[in-house]
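The values are calculated or read from the model by the stated rules, or taken from the named source; none is laboratory data. Quick caveat: nothing in here was measured; it's all calculated off a predicted structure. Every residue, glycine as well, gets a Cβ built from its backbone with ideal geometry; the counts of neighbours run over all protein chains shown. The area values use the complete protein model at the heavy-atom level, side chains included, leaving out ligands, DNA and RNA. Shrake-Rupley method; radii C 1.70, N 1.55, O 1.52, S 1.80 Å.
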Amino acid sequence: MAIEFQQVNFAYGQGSLAQPVLHNVNLTIPAGQITAIVGQTGSGKSTLVQHINGLLKPTAGQVKVDDFVLSAETKEKDLPKLRAQVGMVFQFPESQLFAATVLEDVMYGPLNFGQSKVAARQAAEKALQRVGLAEEFWTKSPFALSGGQMRRAAIAGTLAVDPAIMVLDEPAAGLDPRGQAELLDLVRSLKDEGKTVVLISHQMDQVMALADQVVVMAHGEVQAVEDPVTLFNRPAAWFQQEHLELPTAGKFALELEQGGWHFDQRPLTLEALAAAINAKEVEHE
Ligand SMILES: Nc1ncnc2c1ncn2[C@@H]1O[C@H](COP(=O)(O)OP(=O)(O)OP(=O)(O)O)[C@@H](O)[C@H]1O
Ligand SMILES: [Mg+2]
């Protein structure tokens, strides 16, 4: 399910208190792919993605999600149709958990969209297993969980509805290295199922590993839309200017470039970096 931002402007607050945040955003997020959104803190990433499920509505312009059109005129009563298609995991998962137990929390979505109690429970259990939250936590209060476990519960809550689009706002925050590796696998499996994934991330290794396309935001504007290899091959000065990092291997390659090395194609994974260094050694023998 594709998403299209057309001339989207957004301001928090109204009248003299209006704070413009998004400026003339035009952006296509292709169906069935993983789109990463990166950019400095405060650049408008979370504000942008909250337009995909109608949590925020454009002040001007429109967002098309498949054949649903979201604009300033969209009525609240029409939003459930959109929300059934768009699962959103918020930047701060504690803000979306609310039920007395984890299981009830995850069942809420399926129940809300009309599933029977039995079906909702099945969907919730499947989702909880999929995010790797052990059964012993299912009957606990979501607020008794650790940050990483809360994140898993919040992801399960959206997965249980099986939406065509999954929006994940910094889902790796609060996860330990193993949790992060599991998250990577989960995001890949969502794509394999044909879902459209939108992922906000500050971790460029994750972006490199997952994204088909990367959207760079700065000051509420789209600065670049590129595949990760093209993006991470931009000149060093651009990354400084945008306060953007590179993947670990790319950062190291940049240091080597500053020391006089030349790469035809900047290595962006550790494997590629090792191969490039090996090739240089052969050259010098
Ligand atoms: N509820 C709000 N009311 C008023 N201003 C807000 C609100 N939420 C965000 N902003 C402002 O909008 C701008 C963009 O914020 P946003 O949270 O979208 O950025 P972000 O790119 O997600 O940042 P981060 O990487 O820190 O999560 C910031 O200047 C922020 O202060
Ligand atoms: Mg944010």
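Per-structure values
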quantity: Fraction of antiparallel bridges per DSSP, the chain only, in percent to nearest 5; calculated: 55 percent
quantity: Centroid-to-centroid separation of region 166-184 and region 39-76 [C-alpha atoms, Å]; calculated: 24 Å
quantity: Residue-normalised accessible area of the chain, given per residue in Å² at a 1.4 Å probe; calculated: 49 Å²
quantity: Carbon/sulfur fraction of accessible area - region 1-104, other protein chains in place, 1.4 Å, %; calculated: 51 percent
quantity: Spatially proximal lysines relative to residue 81 (Cα-Cα < 26 Å; intrachain offsets below 8 disregarded); calculated: 45, 57, 64, 117, 126, 191, 195
quantity: Spacing of the two label points (7 Å from each Cα toward its C-beta) at residue 140 and residue 225, in nm; calculated: 4.2 nm
quantity: Cα gyration tensor shape of region 1-95, rounded if a/c is under 1.5, else prolate or oblate by comparing a/b with b/c; calculated: rounded
quantity: Relative contact order computed over the chain (Cα-Cα under 8 Å; 6+ residues apart), in percent; calculated: 21 percent
quantity: Lys, Arg +1 and Asp, Glu -1 on Cβ, resulting dipole of the chain about Cα centre, debye, nearest 20; calculated: 1020 debye
quantity: Cα→Cβ-extended label distance, 7 Å offset, between residue 77 and residue 248, nm; calculated: 5.4 nm
quantity: Cα gyration tensor, region 246-285 - rounded (a/c under 1.5), prolate or oblate; calculated: oblate
quantity: Added length on full extension, which subtracts the Cα-Cα distance from 0.36 nm per residue, residue 264 to residue 185; calculated: 25.4 nm
quantity: Of 155, 277, 179, farthest towards positive along the dipole that unit charges on Lys, Arg, Asp, Glu beta carbons give the chain; calculated: 155
quantity: Estimated dipole of region 246-285 in Debye, rounded to 20 [Cβ of Lys and Arg +1, of Asp and Glu -1, Cα centre]; calculated: 200 debye
